[in-house]
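To keep things clear, I will list the structure first and then write my remarks on it.
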Amino acid sequence: MYRVWSYVADYSLLLIGGAVIALFWANAAPESYHALVHFPLWTGGPIGALETHSGSLLRVVTLHFLFNDVLMAFFFAIAAKEVWEAVILREGALRGRKALTPLIATAGGMAGPVVIYLCLAVALGVLEETSRGWAIPTATDIAFSYLVGRVVFGARHPAIGFLLLLAIADDAGGLAILAIFYPSADVAPHWLLLSLAAAFAVYFLANALPRRLDRGDQDRPHSTWMRKTLGFWPWAVAGAASWYGFQMAGLHPALGLLPIVPTIPHAEREFGIFAEEEGCQTDLLNIIEHGLKVPVQFVLFGFGLLNAGVEFSAISEPTWLVLLGLTIGKPLGIIVFGLLAAYPLRLGLPAGMAVRDLLVVGFVAAIGFTVALFVASVAFPGGAVQDAAKMGALFSLGSAVIAITAGRVFGVHRSA
């Protein structure tokens, strides 16, 4: 359990702390809270959200933009690192036939919430004003879901591995949705050439070329010089260029580091997101992740503080659309698609995992929280609808209680 608590402490407890402070602050003194959120740090620079000042369109960096659009890029880079390793490395979690059932269940876990969300929006007559929020309940908070999964199933239950596969694939789908369906401005795709050029240049000059020059030389002088002398700096420069390319292309700049992650030298095999061996990896990709751990803790605190400040009076239809999309649509989609994969498609479930376990996994995966909160902040402009949707993302933490209760009701056998 140490690594579970360590991961949750690293990436979630400060987020919750920021969210709790924001809730109290926004309900006790809303004017001062919103003044903090929109406090301008830099006006008229090359980066920032476009705003009209004195008749001119200028870029403004507020605290909200700094955390949501700039610093959250490091959080999504860590998520992308886990997805990349799961796909590309030996023993990767998303390689081969073993990943097919969780992947198909993930598709259901993303489709189910969308169907429930949109159907409820039509039934309540609010489709026009809430339709952009369809992707909010597709999210799964991997850290909290894993923690609750360990409480329900124990440490060695095969459903834990299934849950991790599902959560990693869900992260990948969520990143794709953000990039495709939620551009931050009018799309100018030619700016993506800057991101691609930065990725190709740093991969060739700082990764592939040194290895090619070292071919046949066991001392590897060029790769060693690159690692010891330049370290992560070539990728930092490439990351800044890629981030700027995403901003100017109109895509959400928080995803701007994604093209750079696959270019970083990585280990030859993947041990898993919570495996103890991950902490001993000395490849540059893992070294960068370890270096980002503490800064990302404070980024998530700031993200929670600047995004979760919702007045309780904002609770309305979008709150229930998001919450029910997660608590009903997510389990329903996972169980339907999971059973379809396991039986009609004859892909099966992991040995030792029963149908009741699949259902409980669906409830565990319904904890949206971090990514759901982020998607809500980009799906709607600031205002009542966004606040209501954010409240639904916050309420999704209650799925932990539903999952633990479901585990007991369905007689899940814990594996120590």
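The values are calculated or read from the model by the stated rules, or taken from the named source; none is laboratory data. Every value quoted in this text rests on a predicted model; they were computed, and no experiment measured them. Cβ coordinates were reconstructed from backbone atoms using ideal geometry, including for glycine residues, and neighbour counts include every protein chain displayed.
The residues listed here are Gly333, Gly352, Gly338; of these, the one that is over 30 Å from Phe67 (Cβ atoms), small (Gly, Ala, Ser) and not in a helix (DSSP H, G or I) is Gly352.
Residue selection: Ala123 satisfies the criterion of being surrounded by fewer than 20 Cβ atoms within 10 Å (Cβ to Cβ) and outside any loop (DSSP other than H, G, I, E, B). Among residues of segment 104-118 that are more than 27 Å from Pro350 (Cβ to Cβ), those with a beta-carbon under 8 Å from a residue that is of a type in the set (Gly, Ala, Ser) and surrounded by fewer than 24 Cβ atoms within 10 Å (Cβ to Cβ) at least six positions away or on a different chain give the pairs Leu118/Ser131. Of all residue pairs spaced 6 or more apart or on separate chains, those with beta-carbon atoms under 9 Å, a first member in segment 137-164 that is at pLDDT 85 or above and a second member that is basic (Lys, Arg) and crowded, with 24+ Cβ neighbours inside 10 Å are Pro137/Lys330; Thr138/Lys330; Thr140/Lys330.
Collect the residues in segment 301-330 that are in a loop (DSSP other than H, G, I, E, B) and in contact with a His (Cβ under 8 Å, 6 or more places away or on another chain), keeping them in residue-number order.
Going through segment 301-330, the residues in a loop (DSSP other than H, G, I, E, B) turn out to be 308-311, 315-316.
Gly309 - this is the single residue of segment 301-330 that is in a loop (DSSP other than H, G, I, E, B) and in contact with a His (Cβ under 8 Å, 6 or more places away or on another chain).
I'm checking my understanding of the structure. Among residues of segment 185-210 that are buried (at least 20 other Cβ atoms within 10 Å of the Cβ) and of a type in the set (Gly, Ala, Ser), which one is nearest to Val261 (Cα to Cα)? Looking at residues that are buried (at least 20 other Cβ atoms within 10 Å of the Cβ) and of a type in the set (Gly, Ala, Ser), I get Ala199. Contact map, segment 200-227: first residue not assigned by TED's automatic domain parsing to the domain that holds Leu285 and among the acidic types (Asp, Glu), second residue loosely packed, with under 15 Cβ neighbours inside 10 Å and part of a helix (DSSP H, G or I), Cβ cut-off under 7 Å, separation 6 or more or different chains; pairs are Asp214/Pro221.
Considering only segment 380-402, state which residues are small (Gly, Ala, Ser) and within 18 Å of Ala19 (Cβ to Cβ).
Answer for segment 380-402, where residues must be small (Gly, Ala, Ser) and within 18 Å of Ala19 (Cβ to Cβ): Gly382, Ala388, Ala389, Gly392, Ala393, Ser396, Gly398, Ser399, Ala400.
Listed here are the helices (runs of 4 or more DSSP H) enclosed by segment 2-116 that have at least 1 residues being modelled with pLDDT of 90 or more: 14-28, 30-37, 72-88.
Applying the selection to segment 127-157, what residues are in contact with a strand residue (DSSP E or B) (Cβ under 6 Å, 6 or more places away or on another chain) and either surrounded by 22 or more Cβ atoms within 10 Å (Cβ to Cβ) or more than 24 Å from Pro350 (Cβ to Cβ) (or both)? Listed by number, the list holds a single entry, His157.
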